[in-house]
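So the structure is just underneath, and the comments pick up after that.
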Amino acid sequence: LLISATPALSRSIAKWRAIDFSSLSSPRRAFQMLASEKVRTTPVPGVLEELAVLLPRYLSTWGSLKAFAYSHLEEVEFNNNLRIITDRAFCHTHLRKIVLPENLEALQVGCFGYCKNLEEVTFTGKNVFMESYIFADCCNLKKITLPENLRILPAYTFSNCFNLKEVNFKNIDL
C-alpha cells in the first residue's frame, strides 16, 4: 500500500488500483473514504495486492483518528505542507522507510510506534517538537537522522528498538 500527497508517486501506479482524494476539500472526508475502502483488512493473494491513495496536497495534519494505524501501509510520501502527524497515526503499519519533510512541526505520541518493518528514518527539517514513544517497539529500526535543532529527546522515543545501530544528531542534551 502506498499513500502519497505528492503529484508524482515514487513508482508507477499502472498496476495499482488508485484512489484519488486529491480534489476533496475536506481531509476528514478523505479519511472517512479511506476507511470505507477497507485498507485495514488482510490482503488476499492475487486480489488487490497493491493500492495507491492520493491525498490533497494542502493536507497539513495526517492521521485523524489513527487513520492509517493497523493498515498494510508500506510506503508514504509526505508533502512539504505537512505540519503535524497525530497520535498513533501510523502505528502498527508495515512502513520500511520514512523521510519526514522539512516543514514538519510536531510528532505526537506513538505516531510511528510498533512499525515492526521500519528500518530507517530521516528528518529533513530543523525544528520538530516530538512527544514520547514516537518510535517505540520499532524492533527493526537500524538508522535514524534526527532534526538538527532537536534539543531534548523525549522519554521512550526508542523503547525496544534493539537493532538501532546508527543515530545521527547534533545539539541534543542527553
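For segment 138-162, filtering for residues that are over 19 Å from THR124 (Cα atoms), open to solvent by 60 Å² or more (accessible area, probe 1.4 Å) and under 20 Å from the mean Cα position of the chain (by Cα) leaves 2.
Scanning segment 163-174 for residues that are part of a loop (DSSP other than H, G, I, E, B), open to solvent by 50 Å² or more (accessible area, probe 1.4 Å) and aliphatic (A, V, I, L, M) yields one hit, LEU174. Mind checking which residues of segment 101-137 are closer than 14 Å to THR61 by Cβ and surrounded by 16 or more Cβ atoms within 10 Å (Cβ to Cβ)? Result: PRO101, ASN103, LEU104, LEU107, GLN108, CYS111.
Whenever a residue of segment 116-144 is of a type in the set (A, V, I, L, M), its partners that are open to solvent by 70 Å² or more (accessible area, probe 1.4 Å) and assigned to a loop (DSSP other than H, G, I, E, B), lying with C-beta atoms within less than 7 angstrom and at least six residues away or across chains, give the pairs LEU118/ARG96; VAL128/GLU105; ALA136/TYR156; LEU141/GLU119. Restricted to segment 41-76, and to residues there that are modelled with pLDDT under 80 and in a strand (DSSP E or B), the residue that is surrounded by the fewest Cβ atoms within 10 Å (Cβ to Cβ) is VAL47.
The values are calculated or read from the model by the stated rules, or taken from the named source; none is laboratory data. Computed from a predicted model, the values in this text were never measured in an experiment. Cβ coordinates were reconstructed from backbone atoms using ideal geometry, including for glycine residues, and neighbour counts include every protein chain displayed. Surface accessibility is based on the protein's heavy atoms, side chains included, excluding ligands, DNA and RNA. Shrake-Rupley method; radii C 1.70, N 1.55, O 1.52, S 1.80 Å.
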